[in-house]
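Asks: First the structure, which I've put down as structure tokens, then a few questions once you've had a look.
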Amino acid sequence: MRFNDAVLGGALLVFSIVIGLWSQSFPAIPGQEYGAAVFPATVATGMGLCSLVLIVSGLRQKGVALAFAGWAQDWRGFVRILVVIASVVFYIAAAKPLGFIPTMTLVLLANLKQLGVGWLQSIVIAIAISLLIQWSFGDLLHVPLPWGILSAYRF
Amino acid sequence: MDTLEAAFGLILHWDVVTTIAIAAIFGLFVGAIPGLTATMAIALLVPTTFFMDPVPAIGAMITCSAMAIFAGDIPGTMLRIPGTPASAAYADEAFRMTQKGEAEIALGANLLFSAVGGLFGTAILMLMAPWLAEVALKFSSFEYFWMALLGLTCATFIGTGAPIKGLISLFIGLLVATVGLNNPAGVPRFTFGDINLLGGIDFISAMIGLFAVSEVLRVAASGARSLPVPQASVGNLFKGWGRLFVRYWPQQLRGNILGTAIGVLPGSGADIAAWVSYAVSRKFSRTPEKFGTGHLEGIVESTSANNAALGGAWVPALVFGIPGDSITAIVIGVLYVKGVNPGPTLFLTNPQTIYAIFLIFIIANLIMVPFGWGAIKLAKQILRVPPKILMPVILSFCMVGAFATNNATFDVSVMLVFGVLGFIMEENDIPIAPCILGIVLGPMLEQNFVTSMIKSDGSFLAFFERPIAAGLGLFTLFVWGASFVSSYLAQRRAADDPSPA
């Protein structure tokens with residue numbers, strides 16, 4: 001999934017202009033010329049200049065705006081990426097109410113299944129890894145992983 | 001002597017020794033699996049170190065990185081797929097030796113010269129760091145500004161194909177570093193009014209995203225195909241070590257020196273050391289025509305260099321708090337969390353910790369021989385672990401690791417955002433290392449830049465008034481100039497010569 005340099009440069013140019021303008025809104029320190037805005041504004045200027053160079057080189061290369069090569073030629077590649085992202089989002093939303101072990105088991109199950117691991121193997125690995133993390137991180141390293149619906153059975 | 005005794009006292013605890021052993025096995029496993037880099041091993045290891053004392057935490061990271069850089073040679077030799085980018089320079093050469101039935105010589109040499117290279121880098125670190133620390137005590141904001149900029153410059157320009165894309169990565173990192181309250185004026189910047197962002201973006205979660213989650217996404221995208229099964233059989237690895245050592249001592253010495261020097265240079269590490277050393281070896285070889293046909297000479301030199309670079313990279317990290325490569329970038333972050341603030345004063349206030357670090361380096365490189373031998377013997381089993389199972393498991397450890405940085409789900413979101421960012425960047429040939437160094441060095445660069453500007457009343461000339469500052473400044477500008485000229489010349493050459501190389 002390669003963007004043409006001109007497209008990439010255009011997006012970065014807009015981004016750097018937004019950052020540059022935004023940093024101008026930072027309050028100055030009274031009597032002091034160099035405050036919070038100097039550094040981000042300098043970086044945004046540098047990034048703006050780089051994106052101009054990218055735009056020029058991209059226009060010279062011509063080519064399509066977005067090239068699909070390798071994995072990106074198959075729509076299933078995108079689906080798999082979306083499943084990974086969605087499973088992390090699910091964890092962020094569900095870990096607290098549902099608890100770590102059930103949430104992580106579901107996350108692992110979704111990812112193992114989508115990569116073609118068999119049902120039995122997926123279920124065993126998903127449960128085993130979730131329990132292992134709860135024991136190692138939660139118990140040994142004292143990370144407060146949420147118990148959620150399993151609160152009554154905590155170990 | 002008392003300091004050394006105290007340092008031994010810090011290390012000789014069962015928990016330190018166990019931690020080092022576990023970190024060694026973890027490093028060998030991650031390094032041996034293609035796609036999982038030494039940096040990723042460290043990023044995944046960091047969350048487990050939050051609950052340790054400083055010395056075992058540092059020991060785990062040193063051992064893990066040394067083992068991972070060596071283990072990267074194993075699949076490079078057996079399958080022609082380097083386990084970490086630091087082994088890429090000579091994977092082709094080593095695989096040709098395997099095809100000729102010389103796998104055990106290649107792997108034996110990798111093990112021997114990796115360990116020796118690591119010890120050489122450690123020796124230089126031990127000699128150079130305390131001496132440089134005395135020099136660094138005299139540094140003002142001007143020198144620190146240039147040191148930080150030099151580190152960022154080297155990371156951006158050396159070893160990256162297109163300087164423009166390296167620069168963009170760097171600027172992204174620097175902007176990430178500006179988020180939050182942590183700036184000279186104490187003003188909230190780019191926080192969208194979110195209190196989670198007031199403290200800034202946690203760089204460990206960002207790192208886990210950039211290095212580990214992006215790789216999970218990449219493997220998921222291409223469907224997690226299994227690796228080919230290695231066919232090579234490996235006999236006695238230690239056969240002929242004496243002869244190898246005598247025959248290739250000039251190459252290994254040159255590799256050690258060059259590797260350490262590249263490591264010491266802020267912003268450039270093991271990957272670059274291996275590439276440069278391989279090229280140097282070929283240039284000075286009496287039989288350059290044998291390179292590329294399964295010839296040990298270049299392998300010896302570059303496998304020495306990449307492990308030597310690890311020790312070298314700790315010199316600027318410990319003395320100035322400026323990372324020598326992306327691994328030490330993570331280490332510096334952890335040192336701050338542990339209250340062991342890197343910098344010249346660490347050598348005065350906490351010398352026993354410094355000596356403990358040196359000792360762990362020596363131990364790590366010595367136990368590399370037995371542990372590495374075991375990893376080579378088990379290589380077929382390690383390489384048989386299917387990515388379709390490994391990747392979801394890694395994802396789960398990434399999520400728990402990000403959560404553990406602040407015990408907040410917010411950090412899991414940070415990890416996800418940076419995972420997607422890293423994936424998109426790599427798809428478009430934007431290197432990740434400059435971004436990491438930008439995030440780590442951004443606050444230091446800004447603070448010293450703003451302090452210097454206030455001191456000098458806005459005059460940029462003041463940045464060149466002190467002798468060391470002027471030297472560092474000119475060297476930094478030289479690297480900028482040289483990289484743009486060479487990239488311009490390369491473009492011209494490509495334009496003049498329409499046939500693809």
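The values are calculated or read from the model by the stated rules, or taken from the named source; none is laboratory data. Everything quoted here is computed from the prediction, not taken from an experiment. We place every Cβ from the backbone using ideal geometry, glycine too, and count neighbours over all the protein chains shown.
Asks: Of all residues in segment A:57-82, which are surrounded by fewer than 16 Cβ atoms within 10 Å (Cβ to Cβ) and at pLDDT 90 or above?
Replies: If the condition is that a residue be surrounded by fewer than 16 Cβ atoms within 10 Å (Cβ to Cβ) and at pLDDT 90 or above, then A:Phe78, A:Val79, A:Leu82 are the ones that fit.
Asks: Oh, and also: Within the set of pairs 6 or more residues apart or between chains, which connect a residue that is under 19 Å from B:Leu445 (Cβ atoms) inside segment A:24-53 to a residue that is surrounded by 16 or more Cβ atoms within 10 Å (Cβ to Cβ) and of a type in the set (Lys, Arg) with Cβ atoms less than 7 Å apart?
Replies: Hits for this filter: A:Phe26/B:Arg189; A:Ala36/B:Arg189; A:Pro40/B:Arg189.
Asks: Report the residue count in segment B:144-175 for those that are more than 10 Å from every other protein chain (Cβ to nearest Cβ) and over 20 Å from the mean Cα position of the chain (by Cα).
Replies: 3
Asks: State whether one or more residues within segment B:234-250 are of a type in the set (Phe, Trp, Tyr), surrounded by fewer than 13 Cβ atoms within 10 Å (Cβ to Cβ), in a helix (DSSP H, G or I) and at pLDDT below 90.
Replies: yes
Asks: Look through segment B:219-229, keep the residues that are modelled with pLDDT of 80 or more and facing another protein chain (nearest Cβ under 8 Å), and return whichever of them is surrounded by the most Cβ atoms within 10 Å (Cβ to Cβ).
Replies: B:Ala220
Asks: Quick one: in segment B:401-410, of everything that is at the interface with another protein chain (Cβ under 7 Å from one of its Cβ atoms) and surrounded by fewer than 24 Cβ atoms within 10 Å (Cβ to Cβ), which residue is nearest to A:Ala93 (Cα to Cα)?
Replies: By that ranking, first place goes to B:Thr409.
Asks: Just one of (1) hydrophobic (A, V, I, L, M, F, W, C); (2) in contact with a helix residue (DSSP H, G or I) (Cβ under 8 Å, 6 or more places away or on another chain); (3) farther than 26 Å from A:Arg154 by Cβ trips up A:Ile92, so point out which.
Replies: With (1) hydrophobic (A, V, I, L, M, F, W, C); (2) in contact with a helix residue (DSSP H, G or I) (Cβ under 8 Å, 6 or more places away or on another chain); (3) farther than 26 Å from A:Arg154 by Cβ applied to A:Ile92, the lone miss is (3).
Asks: Any residue that is in contact (Cβ under 8 Å) with a residue 24 or more places away in the chain and touching an Asp or Glu at 6+ places or on another chain (Cβ under 6 Å) - is there at least one of those in segment B:106-124?
Replies: For segment B:106-124, residues in contact (Cβ under 8 Å) with a residue 24 or more places away in the chain and touching an Asp or Glu at 6+ places or on another chain (Cβ under 6 Å): present.
Asks: Taking B:Glu143 as the residue in question, decide whether it is charged (D, E, K, R) and buried (at least 24 other Cβ atoms within 10 Å of the Cβ).
Replies: Considered against the rule, which asks whether it is charged (D, E, K, R) and buried (at least 24 other Cβ atoms within 10 Å of the Cβ), B:Glu143 comes out as yes.
Asks: Separate question: Would you confirm whether or not segment B:121-136 contains a residue that is more than 22 Å from B:Phe347 (Cα to Cα) and aliphatic (A, V, I, L, M)?
Replies: No; the residues of segment B:121-136 include none that is more than 22 Å from B:Phe347 (Cα to Cα) and aliphatic (A, V, I, L, M).
Asks: Let me ask something else. In segment B:394-426, which residues are of a type in the set (S, T, N, Q), assigned to a helix (DSSP H, G or I) and more than 24 Å from B:Ser222 (Cβ to Cβ)?
Replies: B:Thr405, B:Asn406, B:Ser413
Asks: What are the residues in segment B:181-205 that are more than 11 Å from every other protein chain (Cβ to nearest Cβ), crowded, with 18+ Cβ neighbours inside 10 Å and under 21 Å from A:Ile29 (Cβ atoms), if any?
Replies: Scanning segment B:181-205 gives a single hit, B:Gly200.
Asks: Counting residues that are in contact with a His (Cβ under 9 Å, 6 or more places away or on another chain), which helices (runs of 4 or more DSSP H) fully inside segment B:34-117 reach at least 2?
Replies: B:54-71, B:91-99
Asks: When you scan segment B:314-393 for helices (runs of 4 or more DSSP H) that lie fully inside it, which ones turn up with 3 or more residues that are more than 19 Å from the chain's Cα centre (by Cα)?
Replies: B:344-349, B:351-377, B:379-384
Asks: Quick one: how many residues across segment B:46-82 are more than 14 Å from the chain's Cα centre (by Cα) and within 19 Å of B:Val213 (Cα to Cα)?
Replies: Number of matching residues: 3.
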